Amino acid sequence: TQVTIPCGVKSIAREAFSQCGNLSIVNYNAANASTSGYGSYTPFIGCENFTTLNIGNTVITIPSDMFAGCTHLSTINMSDSVVEIGTSAFANTAISTFTIPRNLHSIGNTLFTGCTSLHTIYYNAINCSPFSTYIHPFGGSNAANIVNIVFGNEVQNIPDYIFYQMTSLQGNLILPNSLRRIGSNAFSGCTGLNGALSLPSNLEYIGSNAFSGCTGLNGTLSLSSNIEYIGDNAFSGCTGLSGSLVLPSNLQHIGSYAFNGCAGLLGSITIPNNTVYIGSYSFAYCNGITSITIGQNVDTMGSAFANMANLNSVVYNAIDCSYATNAFSGNTNVTNLTIGNTVRRIPEMTIYGLPNIATISIPEGLTHIGQNNFSSMAITGDVILPSTLAEIGYGAFTGCYGIDRVVCNAINPPIVNSFYGQSYIFSGCTTKPLLVPCESINAYRNTPGWNNFTNISGIGNCGFTVSALSGTPSGGYVEGGGVYNEGEQCALSAIAYNGYRFDHWNDNSTQNPRTFIVTEDATFIAYFVATQGIDYVPTSAIIAYVLGGQIVVETELKEEVVICDIAGRRVDGGRKTRFDVPASGVYIVKIGTLPTQKVVVLK
């Protein structure tokens, strides 16, 4: 009726106690015994009255299959000395509850296969080691009718796959405050879990797929402040989660698809400053989220926030992110983008896929804008690039047709990272004005990418002054002149009044209109001569014209100039260049034996 297996036993053969019909109690004290022999019959097969198993405090290992097939075994008292339980050790028994000892480190697969009466597990293992993939002693096809897991208050680690696909598991999941790690797939597919999930304050690690597919979980997800790692798919498909999601400040890693499809999450999400990695599609299809704030130390986040139907605001604070391709793609409702003042680098295509952004403000301090970042946006008004900008990628603002002007404050033209030899950065906008530092105009005109602009000028009133005057105000005026940037083209036109014609400029040029490239401050004076009543005799030695009611004579000769009225009376003369006349009229200019010239004076 009762047998005691002593501590020193090393091996118990198959069918050793087979068909002991009155055996009801086994006191098992073998520290490290093993089963021997081959076949499906285990040491206690056919013991129909075997109901109670007492495992002593000398036992370290319970071998595989040791008590399998004991169909009436309903009570197991296990010592905390047990460190390892082998595969199928209690398969097809009649136990209704089972206690996992606190010192257990290793446990085998299919441990409770066929245990149809088992409904409650008391799990006390402090730090059971992670299991190999698809080894799940309680979950999967072995779960039977287990509806309740009760965790001891010393448990620190829930291993990988341990409760995998326990669809019979029901109700709230209460985790101990001592817990630090939840392994990969630990509760994956436990669709019967329901209610809010409150994670303990000391939890640091949530493995991949830890709660994926737990569609019954509902309400607000409370994450502990010490969590540093959330694995791939950790809460993927948890469609019942709702309310706001507060990510803890210590969080460093958010795995791919971690919250994918959690459409019930609402409001704003702030990625903490300690977070470095955000995996692909980690928040994709979280359609209740309206705003995202990215922390300063994020380094990777490819496609992390794609296709969030109601996202309308993005605050980007990542200082020096290295990879964020399509991070926000597909979010057509985003209209507000803020780039933080600490941002130094925006990697290629980070902001790509937000077509309805109308206004951007790029902070001073930014040094790098990657390829295609702002392409095809609805940007209007001016785009102002900071003085610190050193590099800009191909197509950064391609297709932003609503831009009015581009202002680049960088003295040295930012390097354009080309794509297959192409260096367009504002394709579709190159006829719009480009304003740059005055001293850099020519540099921009000669730098690939920037030289596609057809209208490059300086910022502010920083050019050269071109003065354009009439030397004969009564004879005409001059159009043109003003302030020009270095390298700009200036055009001047001398316009004569009736009875006058343009004669020459003060530098003796007779070109009219005249054009030239501005390189310095300059003054140009246009001179006009009367055409009505003048019998002009050209000569290389004398030029006579009217200026301000006086007759001006320019000559290389040393002879005395004589001014006479039409009657031949002398009215002025001498070796000078300006001569006064008493009234309007026709006057004769004589120098030595040269032919006379007639000049009409209007006063």
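Summary table below
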{"read-out": "Residue satisfying condition, being part of a loop (DSSP other than H, G, I, E, B), modelled with pLDDT under 90 and within 26 Å of the chain's Cα centre (by Cα), within set 225, 208", "value": "225"}
{"read-out": "Residue 68 being within 16 Å of residue 31 (Cα to Cα) and in a loop (DSSP other than H, G, I, E, B)", "value": "no"}
{"read-out": "Count of residues meeting criterion [part of a loop (DSSP other than H, G, I, E, B) and either touching a residue at least 40 places away in the same chain (Cβ under 8 Å) or aliphatic (A, V, I, L, M) (or both)] in the range 2-26", "value": "4"}
{"read-out": "Selected residue (only one of 64, 36 is among the polar types (S, T, N, Q) and under 30 Å from residue 164 (Cβ atoms))", "value": "64"}
{"read-out": "Hey, residue 278 open to solvent by less than 20 Å² (accessible area, probe 1.4 Å), hydrophobic (A, V, I, L, M, F, W, C), within 17 Å of the chain's Cα centre (by Cα) and modelled with pLDDT of 95 or more or not", "value": "yes"}
{"read-out": "In the range 26-47, the residues that are open to solvent by 50 Å² or more (accessible area, probe 1.4 Å) and more than 59 Å from the chain's Cα centre (by Cα)", "value": "35, 37, 38, 39, 40, 41"}
{"read-out": "Some residue of the range 48-57 being buried (at least 17 other Cβ atoms within 10 Å of the Cβ), without any contact (Cβ under 8 Å) to a residue 60 or more places away in the chain, assigned to a loop (DSSP other than H, G, I, E, B) and among the charged types (D, E, K, R)", "value": "no"}
{"read-out": "Members of the range 62-75 that are open to solvent by 30 Å² or more (accessible area, probe 1.4 Å) and not acidic (Asp, Glu)", "value": "64, 71, 72, 74, 75"}
{"read-out": "Looking only at the range 341-358, and only at residues there that are modelled with pLDDT of 95 or more and either in contact with a Lys or Arg (Cβ under 8 Å, 6 or more places away or on another chain) or among the hydroxyl-bearing types (Ser, Thr, Tyr) (or both), the one that is surrounded by the most Cβ atoms within 10 Å (Cβ to Cβ)", "value": "350"}
{"read-out": "Boolean, residue 254 is open to solvent by less than 50 Å² (accessible area, probe 1.4 Å), in contact (Cβ under 8 Å) with a residue 24 or more places away in the chain and more than 23 Å from residue 377 (Cα to Cα)", "value": "yes"}
{"read-out": "Hits in the range 289-299 (condition: surrounded by fewer than 19 Cβ atoms within 10 Å (Cβ to Cβ) and not in a loop (DSSP other than H, G, I, E, B))", "value": "290, 291, 293"}
{"read-out": "For residue 373: the one exception among (1) more than 14 Å from residue 355 (Cβ to Cβ); (2) open to solvent by less than 10 Å² (accessible area, probe 1.4 Å)", "value": "(1)"}
{"read-out": "Residue tally, condition at pLDDT below 90 and among the β-branched types (Val, Ile, Thr), over the range 425-462", "value": "3"}
{"read-out": "Candidates 291, 376, 329, filtered to the one that is at pLDDT below 95 and within 29 Å of residue 241 (Cα to Cα)", "value": "329"}
{"read-out": "Any chance residue 203 is modelled with pLDDT of 90 or more, crowded, with 19+ Cβ neighbours inside 10 Å and over 22 Å from residue 271 (Cα atoms)", "value": "no"}
{"read-out": "Pairs with Cβ under 6 Å, 6+ apart, first in the range 444-462 and farther than 18 Å from residue 387 by Cβ, second surrounded by fewer than 20 Cβ atoms within 10 Å (Cβ to Cβ) and of a type in the set (Lys, Arg)", "value": "451/445"}
{"read-out": "Neighbours by Cβ (under 7 Å, 6+ apart or cross-chain): first from the range 369-385, farther than 19 Å from residue 319 by Cα and touching a residue at least 24 places away in the same chain (Cβ under 8 Å); second of a type in the set (Gly, Ala, Ser) and surrounded by fewer than 22 Cβ atoms within 10 Å (Cβ to Cβ)", "value": "375/399; 376/399; 378/358; 378/402; 379/358; 379/402; 380/358; 380/402"}
{"read-out": "Residue check, residue 360 touching a Ser or Thr at 6+ places or on another chain (Cβ under 8 Å), closer than 22 Å to residue 293 by Cβ and of a type in the set (Val, Ile, Thr)", "value": "no"}
{"read-out": "Residue 338 vs. criteria in contact with a strand residue (DSSP E or B) (Cβ under 6 Å, 6 or more places away or on another chain), among the hydroxyl-bearing types (Ser, Thr, Tyr), closer than 16 Å to residue 247 by Cβ and open to solvent by 30 Å² or more (accessible area, probe 1.4 Å)", "value": "no"}
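Results for (1) open to solvent by 50 Å² or more (accessible area, probe 1.4 Å); (2) in contact with a strand residue (DSSP E or B) (Cβ under 6 Å, 6 or more places away or on another chain), shown as yes or no for each residue.
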site	(1), (2)
306	no, no
312	yes, yes
316	no, yes
326	no, no
330	no, no
380	yes, no
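The values are calculated or read from the model by the stated rules, or taken from the named source; none is laboratory data. Quick caveat, the model's predicted, so the values are computed rather than measured. Cβ atoms come from the backbone with ideal geometry, glycine included; neighbour counts cover every protein chain shown. When the accessible area is computed, the model is the full protein with side chains, heavy atoms only, and any ligands, DNA or RNA have been set aside. Shrake-Rupley method; radii C 1.70, N 1.55, O 1.52, S 1.80 Å.
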